[in-house]
1. So how far apart, in nm, are the two label points at residue 173 and residue 312 if each is 7 Å from Cα heading toward Cβ?
2. Taking R0 as 30 Å, what FRET efficiency do you get between residue 77 and residue 112 from their Cβ-Cβ distance, rounded to the nearest 0.05?
3. Given contacts defined as C-alpha pairs under 8 Å and at least six residues apart, what's the relative contact order of the range 283-358, whole-number percent?
4. Provide the percentage of antiparallel DSSP beta bridges, counting only those with both residues in the chain; round to the nearest 5.
5. In nm, to one decimal, how far is the modelled label at residue 187 from the one at residue 395, with both set 7 Å along Cα→Cβ?
6. Whole angstrom only: what separates the Cα centroid of the range 70-106 from the Cα centroid of the range 206-232?
7. For residue 164 and residue 89 in one chain, what is 0.36 nm times their gap in residues minus the Cα-Cα distance, to one decimal in nm?
8. May I ask for the distance between the Cα centers of the range 352-374 and the range 317-341, given as a whole number of Å?
Ligand code: PMP
């Protein structure tokens, strides 16, 4: 036999892609019903935070994370343009080498001011912020107690750090305490919670949970991705609204939602926090954000500090949409509006996709969410409101839901 002859393996036509066969089949089954692909929508033109052209038609956007409508704010856009001209298109390097420009320091200063905290560290995405902070502070031999419905980036951070993962039932205070009681004495513990859970739009009982975590000697990290800018008197999140901001050790956030651009961050008052810049691999071993992005983020964050009118209007929109959908007979993820996310529960994926398409044809875009991203195997139409939706637009949205719901037979 020649040395370079191919090695024969029993393959049955299988290769490394075979594990994706079930999801390929699910997708083919869905599309064979003739429904438009809900995971392949293209926005041909974006007109404003709440309007885009999709399939040649002007569409109301009710499925973005643009909660505070900052993407077209003139000051934010100008700051980005100016930084692009002054500093170029990208840094081409890591934050710890050639990738820290004045703008990166400035956006970290803006975050420190926004949260009134001592330290802020900016990552290239929110995903990387969770991945980096969680994997770096909780390693082998440590314990991470987390809500079972935590975001993928939280789970991936746990896995990367190799700590013992102890999940508890969603938003269940007693279940969390039970898990904490079983952890061996002397072990390092990190409790990871989210302010708003993005699938159902429900809020965590942080006041109780943070108190229990502290009683058990744990450090606490709260991901406030979906509440920054909106919830709390100053938009600092559920930690602010429930009065526990001074008790938590780390707040994780993103620039990809209320801030209106891309990037992630962690803020903390821990006196040793700055060492994270040298030991956190997803911070160190990647290029820093482009100057235009950090300039838009800094400007947006500073404007969000004075966003109380927008916050009030967004609450009105949320409450109005929730009440209207409930009155139409839709099944919703929460009893009342707890955040800017209103989840409409669909009977199954087929009807969910049909409803999604019917809404789009009527000129309304929402997110179709399905397992494994959703809890309890649910198919959801996730509506996320924007402070720039007018009261009139919310009424139009309800009319479109009524027409589509009747057409598909869901109401
Ligand atoms: N945390 C939560 C709770 C999220 O929902 C998301 C994104 N949807 C992230 C983190 C990651 O944020 P980014 O888009 O900045 O990566």
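Read-outs throughout are calculated quantities, based only on the coordinates presented, and are distinct from any laboratory measurement. The structure presented is a predicted model; accordingly, all values stated were derived computationally and were not measured. Neighbour counts are summed over all protein chains in view; Cβ atoms, including those assigned to glycine, are modelled from backbone coordinates with ideal geometry.
1. 3.1 nm
2. According to the calculation, E is roughly 0.80.
3. RCO, the range 283-358: 20 percent.
4. Just about 60 percent of them are antiparallel.
5. 5.7 nm
6. That distance is 31 Å.
7. 22.9 nm
8. 17 Å
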